[in-house]
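The values are calculated or read from the model by the stated rules, or taken from the named source; none is laboratory data. Model, not experiment: these values are computed from the prediction. Quick reminder, even Gly has a Cβ in these numbers, built from the backbone with ideal geometry, and neighbours come from all protein chains shown.
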Amino acid sequence: MVEAGRRVAITGIGVVSAAGSTIDTFWASLLAGHGVARRVEHLDVSDASIRFGCEVTDFNPLSVLSNKEAKRADRVTQFTLGAADAALADAAFGDVDPTRVGIVMGTGFGGLETAEVGAREFLGVKNPALRGRINPLFIPMVMPNAGAAAFSQRHGFRGPCMSISTACAAGANAIGEGMRLLREGSADVVIAGGAEAPLTPWVMTAFAAAHALSERVDDPTVASRPFDRDRDGFVMGEGAAVVVLERLDDARARGATVHAELLGYGRNADAYHPTSPPPDGRGAAECMLLALADAGLEPSDVAHISAHGTSTAFNDVAEAIAIRTVFGVNAPPVTSVKGVLGHAIGAAGALEAVASVLTLLTRTIPPTANCVNLDPAIDVDIVREPRALGDGVVLSNSFAFGGHNAVLVFGRVN
């Protein structure tokens, strides 16, 4: 197990998601196991080849920002602030030295909506009269570090402040690197997570052109089908999730409610292909072992795996093979919450980290939505109805385009 002085507690959690933007609604949706994909409405997607995704509908940016501030913040930054403020409130801090508070946020794209709308205007795509014009706030709204910067400025936190862009592993990497800041003594508190707002016509069309997205337009709610024989691609999602991390001894000393413990973190690279994992899943397997070694645990200590589980043919099979490589025939039960949430790219690992914490808190494993006919090539125990969690830790997997891998290990606090 992790040495006492290196133990890291999770004392705050917050989400903005297509399945709900409070912890209670988010968790209830995951347990219900129904996909939430629908036609995108917040932006005109009429010229996109795929027009549905898992869209956030119950978050009002004016709940955390003034009207002026909201106009100066891209949708992804608005999500970041909503989830981060909720996590900070949940942690219930009193006085804290602002120079000792760190921020690590992950995103795959940054201010994508601002970039796309701005490009259309500059090129005169919709209105030739606007050709050559650009929003003077374009750069600070588009830059990938905008969310971390905005949260730092909002609360006056002046410790390490970083953004990570490792595609679909970014949220998990941010949380893991936040843990490392605490362990090395660079901060006393770290707010970490991921955010993404990729439901734009150009990006959805681009993923569709790469044959990555589901084309099940007749019923989008069942389009995301992790590990199912009939899956035909992932469904784009959006949102944000943030956790507050602090050393366990410090959390106990201030009487904080500790939701779970972050025990270990692994990260590596496949060094194989821009979009596909190695068929034998070796990078993913190695990353899971790295995370367990960091936690001082063995594969037999794992009670559940929150899978990356994208609903794409190659990734689902490679991940299942990696799980069998690490755990053998006694692999623990596996869930992918992307059947409900879709794939929120840079936010995915952070949303799944919060789901892992809630699995430990409630001792309940959520189901894999829409997995009706299990792919015979998936030789692991896929959870398809809510199930009681056994004793042990929860592993949360994130495997990204570019071959970036990140695995987090969560446990109950003893």
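Just to be sure, is R75 more than 24 Å from I191 (Cα to Cα) and either crowded, with 19+ Cβ neighbours inside 10 Å or in the same structural domain as L199 (by TED's automatic domain parsing) (or both)? Write out each step before concluding.
On the way: more than 24 Å from I191 (Cα to Cα): no; either crowded, with 19+ Cβ neighbours inside 10 Å or in the same structural domain as L199 (by TED's automatic domain parsing) (or both): yes.
So R75 fails the test.
Going residue by residue through the stretch 87-94, is there one that turns out to be among the aromatic types (F, W, Y), within 22 Å of the chain's Cα centre (by Cα) and assigned by TED's automatic domain parsing to the domain that holds A148? Talk me through it step by step, then tell me what you get.
Of the residues in the stretch 87-94, the ones among the aromatic types (F, W, Y) are 93.
From the residues that got through so far, the ones that are within 22 Å of the chain's Cα centre (by Cα) too are none.
Checked the stretch 87-94: no residue is among the aromatic types (F, W, Y), within 22 Å of the chain's Cα centre (by Cα) and assigned by TED's automatic domain parsing to the domain that holds A148.
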### Of residues in the stretch 24-70 being of a type in the set (K, R) and either surrounded by 14 or more Cβ atoms within 10 Å (Cβ to Cβ) or over 19 Å from M141 (Cα atoms) (or both), the one nearest to the chain's Cα centre (by Cα)
R38
### Query
Only one residue in D270, D301 is closer than 19 Å to I164 by Cβ and either at pLDDT 95 or above or among the β-branched types (V, I, T) (or both), so which one is that?
D270
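To keep it simple, each residue is scored yes or no on (1) at pLDDT below 95; (2) of a type in the set (G, A, S); (3) touching a Ser or Thr at 6+ places or on another chain (Cβ under 8 Å).
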| residue | (1), (2), (3) |
| --- | --- |
| I10 | no, no, no |
| V15 | no, no, yes |
| A18 | no, yes, yes |
| S21 | no, yes, no |
| F26 | no, no, yes |
| L31 | no, no, yes |
| R39 | no, no, no |
| A48 | yes, yes, yes |
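Could you grab me the full set of residues in the stretch 37-70 that are more than 30 Å from H259 (Cβ to Cβ) and touching a Phe, Trp or Tyr at 6+ places or on another chain (Cβ under 7 Å)? Steps first, answer last, please.
First pass over the stretch 37-70, keeping only residues more than 30 Å from H259 (Cβ to Cβ): 38-52, 66-68.
If the condition is that a residue be more than 30 Å from H259 (Cβ to Cβ) and touching a Phe, Trp or Tyr at 6+ places or on another chain (Cβ under 7 Å), then R38, R39, V40 are the ones that fit.
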### Message
Tally up the residues in the stretch 93-108 that are surrounded by fewer than 24 Cβ atoms within 10 Å (Cβ to Cβ) and assigned to a loop (DSSP other than H, G, I, E, B), please.
### Response
5
### Query
Which of the residues belonging to the stretch 361-388 are surrounded by fewer than 20 Cβ atoms within 10 Å (Cβ to Cβ) and closer than 21 Å to A28 by Cβ?
L361, T362, R363, T364, R384, E385, P386, R387, A388
## Note on the structure
Within the stretch 203-239, restricting to residues that are loosely packed, with under 15 Cβ neighbours inside 10 Å and in contact (Cβ under 8 Å) with a residue 12 or more places away in the chain, the one that is farthest from S49 (Cα to Cα) is R229
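Can you find even one residue in the stretch 320-328 that is buried (at least 24 other Cβ atoms within 10 Å of the Cβ) and within 21 Å of the chain's Cα centre (by Cα)?
Taking the stretch 320-328 first, the residues buried (at least 24 other Cβ atoms within 10 Å of the Cβ) are 322-323.
Those left that are additionally within 21 Å of the chain's Cα centre (by Cα): 322-323.
Yes: the stretch 320-328 contains one or more residues that are buried (at least 24 other Cβ atoms within 10 Å of the Cβ) and within 21 Å of the chain's Cα centre (by Cα).
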### Query
Regarding P140, is this residue buried (at least 17 other Cβ atoms within 10 Å of the Cβ) and not aromatic (F, W, Y)?
yes
### Query
List, please: which pairs have Cβ atoms under 8 Å, are six or more places apart or on different chains, and start with a residue in the stretch 337-364 that is without any contact (Cβ under 8 Å) to a residue 60 or more places away in the chain and end with one that is part of a loop (DSSP other than H, G, I, E, B)?
T359/P366; T359/L389; R363/L389
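Regarding S66, is this residue modelled with pLDDT of 95 or more and hydroxyl-bearing (S, T, Y)? If you could, list the steps in order and put the result at the bottom.
Numbers: modelled with pLDDT of 95 or more: yes; hydroxyl-bearing (S, T, Y): yes.
Answer is yes for this residue.
Please find, among A129, A150, A73, A83, the residue that is farther than 30 Å from L263 by Cβ, part of a helix (DSSP H, G or I) and at pLDDT 95 or above.
None of the other options fit; the residue is A150.
Kindly check whether there is at least one residue in the stretch 189-201 that is in a helix (DSSP H, G or I), touching a residue at least 24 places away in the same chain (Cβ under 8 Å) and within 19 Å of A18 (Cα to Cα). I'd like the intermediate steps shown before the answer.
Residues of the stretch 189-201 that are in a helix (DSSP H, G or I), as a first pass: 201.
Restricting the remaining residues to those that are touching a residue at least 24 places away in the same chain (Cβ under 8 Å) gives 201.
Narrowing further to those that are within 19 Å of A18 (Cα to Cα): 201.
Yes, some residue in the stretch 189-201 is in a helix (DSSP H, G or I), touching a residue at least 24 places away in the same chain (Cβ under 8 Å) and within 19 Å of A18 (Cα to Cα).
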### Message
For the stretch 166-180, check the following and say yes or no: at least one residue is out of contact with any Pro (no Cβ under 8 Å at 6 or more places or on another chain), at pLDDT 95 or above, outside any helix (DSSP H, G or I) and of a type in the set (A, V, I, L, M).
### Response
no
### Task
Please verify whether the stretch 367-378 includes one or more residues that are more than 21 Å from G237 (Cα to Cα) and free of Cβ contacts under 8 Å to residues at least 60 places away in the same chain.
no
### Message
Among the numbered criteria (1) buried (at least 22 other Cβ atoms within 10 Å of the Cβ); (2) among the aliphatic types (A, V, I, L, M); (3) part of a loop (DSSP other than H, G, I, E, B), which one does L297 miss?
### Response
(1)
